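The values are calculated or read from the model by the stated rules, or taken from the named source; none is laboratory data. Please read all numbers here as calculations on a predicted model, not as lab measurements. Glycine also receives a Cβ, built like all others from the backbone with ideal geometry; neighbour counts cover every protein chain displayed.
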Ligand code: HEM
C-alpha cells in the first residue's frame, strides 16, 4: 500500500476521533448511553490514529527533528483525550485534562501541517 494511503487513513481517523470525542463528552455530561458507545468508537479510532501515525513516523524518519515532536504531542493528545473521558465517566473533575487535550490537539495539527510530507500549510514556521 502506498505511503500516502496511510496519511489519508491517519487524517480520517483523527478527524473521526475528534467528532467521537465530542459525542462521548456530551453523552457522559448528560449521563446517557451515547457516551459509552462513542467512547468505545473513540478508542478504536485512537488505535488507528496511533498505528498509522507510528507507521508514517517509521517510514519518514530522517525527515527532521520535528517528527519526534509530532509523535510526542500526538501521543500526549491521545492520552489526554482518553483520560478526559475516563474522568468524566467516573464523575471526577476533568477540566485540566480537557484543557490539555484541546491545547495538545491544536499543537499536533499545527506540527502535522508544518511537516514536509503531505499538506504543509505551516512549513515556513519550522
Ligand atoms: C490527536 C491525534 C493526532 C492528530 C490531530 C494528528 C494530526 C496530523 C496532521 C494534521 C498531519 C498532517 C497531514 C498532512 O500532511 O496531510 C499528521 C501527519 C502525521 N502524523 Fe499525526 N496526528 C495525531 C496523532 C499522531 C500520532 C499518535 C502519531 C505517531 C505515533 C502521529 C504521527 C504522524 C506522522 C509521522 C505524520 C506525517 C507528517 C508529515 O506530513 O510529514 N500522529 N498528523
On the given criteria, is residue 87 outside any helix (DSSP H, G or I), more than 10 Å from the ligand (Cβ to nearest atom), modelled with pLDDT of 95 or more and more than 17 Å from residue 112 (Cα to Cα)? no
Can you tell me which residue is modelled with the highest pLDDT among those in region 37-72 that are outside any helix (DSSP H, G or I) and near the ligand (Cβ under 10 Å from one of its atoms)? 64
Members of region 53-88 found to be closer than 18 Å to residue 99 by Cβ and buried (at least 18 other Cβ atoms within 10 Å of the Cβ), listed by number: 73, 74, 77, 78, 80, 81, 84, 85, 88
Yes or no: region 90-98 includes at least one residue that is surrounded by fewer than 20 Cβ atoms within 10 Å (Cβ to Cβ), near the ligand (Cβ under 8 Å from one of its atoms) and in a helix (DSSP H, G or I). no
